[in-house]
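The values are calculated or read from the model by the stated rules, or taken from the named source; none is laboratory data. Predicted, not measured: the structure shown is a model, and the values here were computed from it. Positions of Cβ are generated from backbone atoms using ideal geometry, with glycine treated the same way; all protein chains shown enter the neighbour counts. Please note that ligands, DNA and RNA were not included when accessible areas were found on the heavy atoms of the full protein model with its side chains. Shrake-Rupley method; radii C 1.70, N 1.55, O 1.52, S 1.80 Å.
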Amino acid sequence: MASELAPTEIVALARLIDELDYYQLLHLRRGASISEVKQAYHFSSRAFHPDANRHLSANLQAAVATIARRITEAYSVLRDPGRNKAYLQHLEAGHGVRMQLSEARAEAGRRAVEQKGRTPQGRQYYNLAEAELRREDFAAAARNLQTALTFEPDNEFFKAQLKEAREKIR
Amino acid sequence: MGKVIGIDLGTTNSCVAVFENGESHVIANTEGARTTPSIVAFTPSGEKLVGQIAKRQAVTNPENTIFAVKRLIGRKHDSDEVKRFSSFAPFKVEKSENGDAWVQVKDRAYSPQEISAMILSKMKDTASDYIGEPVEDVVVTVPAYFDDSQRQATQDAGKIAGLNVLRIINEPTAAALSFGLGDSQNRKLAVFDLGGGTFDISILEIANGVFEVRSTNGDTYLGGEDFDQEICSHILNEFKAEHGLDLRTDKMALQRIKEASERAKHELSSCEETDVNLPFIAADESGPKHLTTTLTREKLEELVRDLVERLVSPCKLALEDAGLRREEIDEVILVGGMTRMPIVERKVVEIFGKAPNKGVNPDEIVASGAAIQGGVLKGEVSSVLLLDVTPLSLGVETQGGVATKIIERNTTIPTSSGQVFSTTEDDQTVVSIHVVQGEREMAADNKTLGRFDLVGIPTAPRGVPQIEVSFEIDADGVVNVSAKDLGSGKSQAIRVTASGGLSEQDIESLVTEAEQHTQADRDRRDLVELRNKADGLVYSTERTLEEFAENVTAEDRKQLEAAIEKTRASVKGDDAVALRAVVDELSALTYKMTEQLYAELGGDDTE
Ligand SMILES: Nc1ncnc2c1ncn2[C@@H]1O[C@H](COP(=O)(O)OP(=O)(O)OP(=O)(O)O)[C@@H](O)[C@H]1O
Ligand SMILES: [Mg+2]
């Protein structure tokens, strides 16, 4: 199944490619789930993968190849939850529509570390809080999260969790 | 529209399949075999032999019989792999002008691309004979773990062979395609491919006709050849201990032992014990020496234990990169002749925790899948879409010689990634970029793909110019680099300052040469046919003269005998034109004679 776009539309899309963010490229909303990302990517690939478009003129093939490369670039970043979040932040901070995969990966890695805590004590109190959250003992969880935050005052993830726990107590 | 073929260009064996009527079929060669040894030999009389006939004469012509050239393709002469290869190869491996490993045969050096092209040509001829018209369009497979220069070199080999290479695809991916075609089930596969020279492991997910490779790993220098060498060394050591003779310097003996080692390895896949018998392997003052020994499977498994251990870590890494636990793999598929070895199969079971699928032909499935991909590329199969990955990370050298990754391994291709470069000094107009491929931390430990200069940067204070370099990997896994000045939006000039392999020009001249060779080969074949015809004509004319001695006039007889003499003399020479002239003369005379005989005697026959 090749692209169903008209030739002029393919060329137009290829020219616009630097303006589109990864969600726009794959026709996804910003909060799309990983399985939606995958489905959208498979759908777009059926249309734009070079293998499906060899019958086109050289000119159009080049345009299709540009699109194919960029949708794969988008997929590589969006297919992983951590990278997906990092990209969203990158977009919202106005850092442009492209994000290097390695950058996204590194950012996702930093978040994973942050989530568990960077200091031994932070991690220890967070782990307690996590267990209490699972038991839905929000008051105890809030206490331990607060303690964790005394060791890591700028841990955004801890802060968000604390806010949530406090809301649940009310 | 011409038919498309798939070629599995193996280290040890090659295989060709054609895509027709919606299916792929493996094609047998003229000798009737469905795979062809990847061996090219140059005989003392200057003839070039490819395949089984080259293999058959290896013992008597070891220096000029080139095998396993795939282990050299796209590699530098100074690399460890090439050093290892040279220490065992009976033929000479030389360094080419650009540092690549080439082979030396008599007074001519051949690039591995050229030797591979000869094998590809043979496969092409096999297919053309079967189809009944020349084929051009082809999909060629390479090990998944091949790097950019090995892929490009393989592509160049195809060009030299006069083929239109539609696509280079990965061997395990091709196998998966053949395995999963027409299968509506969604599943996760592990393809384990251990061949004569290389080891690949790929993890794929098949869903609704989309074949998505999740990860791949492997070792491009681990295969049956290494197993054979272990056996070979063992036999050599044993012989030396027993007879005090080192056979390592005797190329012919070495070749015999190598072949016997491979045979023993095969036999030990189904037997517990096998005899190796090589009479007259050497001689000393006391007379001829014979090599006789027995090898058990147990001993073999002890010899190859380290090699088998090397299969484990690539599999683990592939699972990890795919983000899957081994329990999530639905099928493990075995590809490559070496997976017939019981110890290899046991290792697979140990790694994946399940018995492999036994339903596929490990020698043919790769070529078959390549032909299917050919069908996809020609638009004859529309249900299938292959999404492969790049096996190795792509990066650039940054401060302090560190390799900074730009596209990481196991990223789906075709893909691109942008990286912004700037200047480090005021008014700098040139920025150099060193592109590398590999997983090591330091750029120097990885493979250089190329060096580029961004030239003609407008003068500006340092750090101001913003040049976005786009690194692209196309669907063949081949890397391209382009650049754009973000300030002006214009494309930025790039100058390639170093790259490996053959240049466009080299390839073109090799194509011409190959074509000339084709002409020369054709001429030689014509001459052989002409000689046969001449011999036959001389024979039948003499018989006729004998039989109808009374009916032929003395005059005619004299003429005929003279023509026979001339033909006999000409058959010994190499001049096709002269031979044709005398053959024509003789056949005209013979025709005249038989016509007369028919007129005189024919009346009796027709009644
Ligand atoms: N029954 C067997 N037992 C053991 N080894 C075998 C058997 N049959 C074939 N082999 C070995 O398999 C190897 C050849 O396998 P195969 O033809 O799959 O490799 P290839 O495709 O040429 O190489 P590669 O894929 O590595 O480039 C040889 O080393 C051969 O000795
Ligand atoms: Mg193989």
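Out of the DSSP beta bridges found with both residues in the protein assembly as shown, what percent are antiparallel (nearest 5)?
Antiparallel: roughly 85 percent of the beta bridges in the protein assembly as shown.
Based on alpha-carbon centroids, what's the gap between the stretch A:102-170 and the stretch B:409-462 in Å, whole number please?
40
Residue by residue, what Karplus-based ³J(HN,Hα) values in Hz, rounded to whole numbers, does the stretch B:142-148 have, using 6.51, -1.76 and 1.60 with θ = phi - 60° and x for Gly and Pro?
9, x, 4, 8, 5, 8, 4
At 222 nm, what helix-only mean residue ellipticity would chain B give, in deg cm²/dmol to the nearest 500, using -39500 (n - 2.57) for each DSSP H run of four or more?
Mean residue ellipticity, 222 nm, calculated: -13000 deg cm²/dmol.
Just for the Cα atoms in the protein assembly as shown, what are the lengths along the principal axes, largest first, rounded to whole Å?
129, 71, 61
Would you please put B:223-230, A:122-129, B:524-531 in order of how densely packed they are, using the mean number of other Cβ atoms within 10 angstrom per residue and starting with the highest?
The packing order, highest mean first, is B:223-230, A:122-129, B:524-531.
Are there DSSP H segments in chain A that both extend 27 Å or more along their axis (alpha-carbon positions) and score a mean Kyte-Doolittle hydropathy of at least 0.0? List them, or say none.
A:58-78
Would you mind checking B:K533/B:K572; B:K106/B:K251; A:K38/A:K159; B:K48/B:K251 for any pair whose Cα atoms are more than 23 angstrom apart?
Beyond 23 Å between Cα atoms: A:K38/A:K159.
Under the definition of partner shielding as Cβ atoms of other protein chains within 10 Å of a residue Cβ, what is the mean value for peptide A:66-79?
Partner Cβ neighbours, averaged per residue: 5.
Can you list residues whose amide H is under 5 Å from B:I281's amide H, if they're 5+ apart or on another chain and H is modeled 1.01 Å from N?
Residues meeting the criterion, in which the H sits 1.01 Å from N, are B:K289, B:H290, B:L291.
Have a look at A:V64, B:I235, B:N164 and report the one farthest towards the positive end of the charge dipole of the protein assembly as shown, computed about the Cα centre with Cβ charges (Lys/Arg +1, Asp/Glu -1).
A:V64
What total accessible area, in Å², is buried where chains A and B meet, using a 1.4 Å probe and rounding to the nearest 100?
So the total buried area for this chain pair works out to about 2500 Å².
Work out the P(r) tail for the stretch B:312-395: percent of alpha carbon pairs separated by more than 15 Å, whole number.
70
Using only Cα atoms and rounding to the nearest 10 degrees, what angle (0 to 90) does helix B:365-377 make with the longest principal axis of chain B?
Orientation of helix B:365-377: about 80 degrees from the principal axis.
Can you tell me how much longer the chain between B:D426 and B:K354 gets when fully stretched, taken as 0.36 nm per residue apart minus their C-alpha distance, in nm with one decimal?
19.7 nm
Using the beta-carbon distance between B:E550 and B:E585 and R0 = 22 Å, what value does 1/(1 + (r/R0)^6) give for FRET efficiency, to the nearest 0.05?
FRET efficiency, B:E550 to B:E585: 0.35.
In the structure shown, do any of B:K122/B:K265; B:K405/B:K484; A:K85/A:K163 have a Cα-Cα gap over 22 Å, and if so which?
Where the Cα-Cα span goes over 22 Å, the pairs concerned are B:K122/B:K265.
Rounded, prolate or oblate, given the Cα gyration tensor of chain B, with a/c below 1.5 counting as rounded?
prolate
The stretch B:1-63 to the stretch B:532-607: how many Å between their Cα centroids?
Measuring centre to centre over Cα atoms gives 41 Å.
Show the residues, 5+ positions off or on another chain, whose built amide H is closer than 5 Å to the amide H of B:I39.
Residues meeting the criterion, in which the H sits 1.01 Å from N, are B:G51.
Run the accessible area of chain B with a 1.4 Å probe and give the carbon-and-sulfur part as a rounded percent.
47
Which order do the peptides B:302-308, B:78-84 take when ranked by the mean count of other beta-carbon atoms within 10 Å per residue, highest first?
With the highest mean Cβ count within 10 Å placed first, the list reads B:302-308, B:78-84.
According to a simple spin-label model (label point 7 Å from Cα along Cα-to-Cβ), what is the distance in nm between B:D80 and B:R340?
3.2
How far apart, in nm, are two points set 7 Å out from the Cα along the Cα-to-Cβ line at B:S382 and at A:A131?
With each label placed 7 Å out from Cα toward Cβ, I get 6.0 nm.
Give me the Å³ per residue figure for the convex hull around the C-alpha atoms of the stretch A:117-169.
Hull volume normalised by residue count: 54 Å³.
What is the distance in Å between the Cα centres of the stretch B:245-270 and the stretch B:306-360?
29
With runs of 4+ DSSP H residues as the only contributors, calculate the mean residue ellipticity of chain A at 222 nm using -39,500 (n - 2.57) per run, divided by the residue total and rounded to the nearest 500.
Estimated from H runs of four or more residues: -22500 deg cm²/dmol.
Could you give me D for the stretch B:20-91, from Stokes-Einstein at 37 °C and 0.692 mPa s, where the hydrodynamic radius is the Kirkwood radius over C-alpha pairs? Units µm² s⁻¹, please.
After rounding, the answer is 232 µm²/s.
Quick check: from the Cα gyration tensor, does the stretch B:108-238 come out rounded (a/c under 1.5), prolate or oblate?
Note, shape of the stretch B:108-238 comes out oblate.
Report, to the nearest 10°, how far helix B:251-267 tilts away from the longest principal axis of the Cα atoms in chain B, using its own Cα long axis and a range of 0 to 90°.
Long axis of B:251-267 versus the principal axis of chain B: about 70 degrees.
With +1 assigned to the C-beta of every Lys and Arg and -1 to the C-beta of every Asp and Glu, and no other charges, what is the dipole magnitude of the stretch A:117-169 about the Cα centre in debye, to the nearest 20?
Around 60 debye, computed over the stretch A:117-169.
Taking the simple approach of a point 7 Å from Cα along Cα-to-Cβ for both B:A207 and B:K490, what is their distance in nm?
4.6
Taking +1 at the Cβ of each Lys and Arg and -1 at the Cβ of each Asp and Glu, which of A:F43, A:L16, A:N53 sits farthest along the dipole of chain A towards its positive end, judged by Cα position relative to the Cα centre?
The residue sitting most towards the positive pole is A:F43.
Mind checking which aspartates and glutamates have their Cα closer than 14 Å to the Cα of B:K76? Skip sequence neighbours fewer than 8 apart in that chain.
B:E94, B:E97, B:D100, B:D147, B:D148, B:D445
Just need the relative contact order of the stretch B:181-272 here, percent rounded to a whole number, with Cα pairs under 8 Å and 6+ apart.
19
For a quick protection proxy, order the peptides B:7-15, B:569-577, B:373-381, A:25-33 by their average other-Cβ count within 10 Å, most packed first.
The densest-packed peptide leads the list: B:7-15, B:373-381, A:25-33, B:569-577.
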